[in-house]
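Report on the following structure.
No value in this document is a laboratory result; all are computed from the given coordinates. From a predicted model like this one, the values you see are computed outputs, not experimental measurements. Methodologically, a virtual Cβ is constructed for each residue, glycine included, from the backbone with ideal geometry; neighbour enumeration extends over all protein chains shown.
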Amino acid sequence: MKVRLDCPLPKLDFDMITLGHGSGGLLTNKLLDSGVFNLFDNKILHERHDGAVINTSGKTAFTTDSFVVSPIFFPGGNIGDLAINGTINDIAMCGGIPEYISVGFILEEGLMMEEFWDILVTMKYAAENANVQIVTGDTKVVEKGKGDKIFINTTGIGPIHPDASISAGNIEVGDKIIVNGELARHGVAIMSVREGLEFETEIISDTAPLDEPVRGLLDEFGRAIHLLRDPTRGGVATVLAEIAKSCKIGVEIFEKELPINEEVGGACELLGLDPLYVANEGLFVGFVKAEVSEQALDKLRTFETCKNARIIGEVVESHFGQVVLHSKIGGKRVVNMLPGEQLPRIC
């Protein structure tokens, strides 16, 4: 794995992680001082405290997540930017503006420092891209064979957008259901690496921060954005089925409107997967007031990550608690939650 030229791997007297790097002593300090603090440079982090003192006011969004994806490098990203983007997106789905993130590393003895550095660098760029500061963290090392190179835990925090009122209780009959891009890209990108599949065009994960397009929607449409969810594990189908059941609403979606890349669709068919249930990492599902749905769609399409935004369905007065898919050939079927683990270690 090549490190970025503008953030070269610093000169070290070690080339891989050892148990000593998790001791909290000299080797731990050498690991952190080798460039970690400088890479994530900010005043709060340089306090080197076990926590961070930050300023918050009013309603605040708060989230935590863990990332165990395998493999740790995949087309379009790695576990590092996946962790930062995933945390940013969880805050955004609450109507929040992400500001601060904590990062905890569980490293396996034997992880090459070059790999760790490339992960750190992508985390740096992902955080800077969203104007987020990594302000505190932790590092632990487990014996070889007791982990899988690296696991990452993150916590994110940020104030709620002043015009946001994101709640399942806001959903009403007639709401349009919007997705900001193509389905199933992340899950298929991971599976293509695992299964050694090759396509004419490489399938790239959709991992990306969603704070900017969400903020754009809230700036312009505010409380007309009723609910936002990111369909990671379990995919779009599971998110919609959960919402329909918990809110006792009826949902109808239309197969012909689902934005699915041709090669992603072909890969799903080859692997026996339904794209509706495959994980996404740069996608959100939005329930939007019908009167502004077309304008919201136009607004989304002004963002690079949302060029393929589409209205895929609506909230209806019938079949409360269920999601019904209208197929391309005119049939209908009930879309349920994913019953088990379809793709393990996907994020």
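A few points about this structure:
- Computed extension length for His319-Tyr125: 65.3 nm, one decimal, from 0.36 nm per residue of separation with the Cα-Cα distance subtracted.
- Relative to the longest principal axis of the Cα atoms of the chain, the long axis of helix 113-129 makes an angle of roughly 50 degrees.
- Long pairs among Lys245/Lys332; Lys43/Lys146; Lys30/Lys124; Lys124/Lys149; Lys124/Lys299; Lys11/Lys140, criterion Cα-Cα beyond 25 Å: Lys43/Lys146; Lys124/Lys299
- In terms of the mean number of neighbouring beta-carbon atoms within 10 Å, the peptides 91-104, 9-22, 112-125, 176-189 order highest first as 176-189, 91-104, 112-125, 9-22.
- Sorted peptide list for 129-136, 200-207, criterion being average Cβ within 10 angstrom, highest first: 129-136, 200-207
- Residues whose placed amide H lies under 5 Å from that of Gly174, excluding near-sequence neighbours: Val315, Val316
- Built amide H within the under 5 Å cut-off of Asp138, gap 5+: Val103, Gly104, Phe105
- Sites Glu114 and Arg333 - FRET efficiency at Förster radius 56 Å, r taken between beta-carbons, to 0.05: 0.70
- The length gained on full extension between Asp15 and Asn42, counted as 0.36 nm times the residue separation minus their Cα-Cα distance, comes to 7.1 nm.
- Acute angle (nearest 10 degrees) that the helix 79-93 long axis makes with the longest principal axis of the chain, alpha-carbon atoms: 40
- Antiparallel DSSP beta bridges within the chain, percent to nearest 5: 75
- Across segment 316-333, coupling constants 3J(HN,Hα) worked out from phi with the 6.51/-1.76/1.60 Karplus curve, θ = phi - 60°, read 10, 8, 9, 5, 4, x, 10, 10, 10, 9, 8, 6, 5, 9, x, x, 9, 8 Hz, and Gly and Pro carry x.
- Rounded tilt (10° steps) of 235-247 against the dominant C-alpha axis of the chain: 60
- For Ile150, residues with placed amide H under 5 Å, excluding near neighbours: Glu108
- Paramagnetic reach from Glu200 (point 7 Å along Cα→Cβ, amide N under 14 Å) across segment 248-272: 262-267
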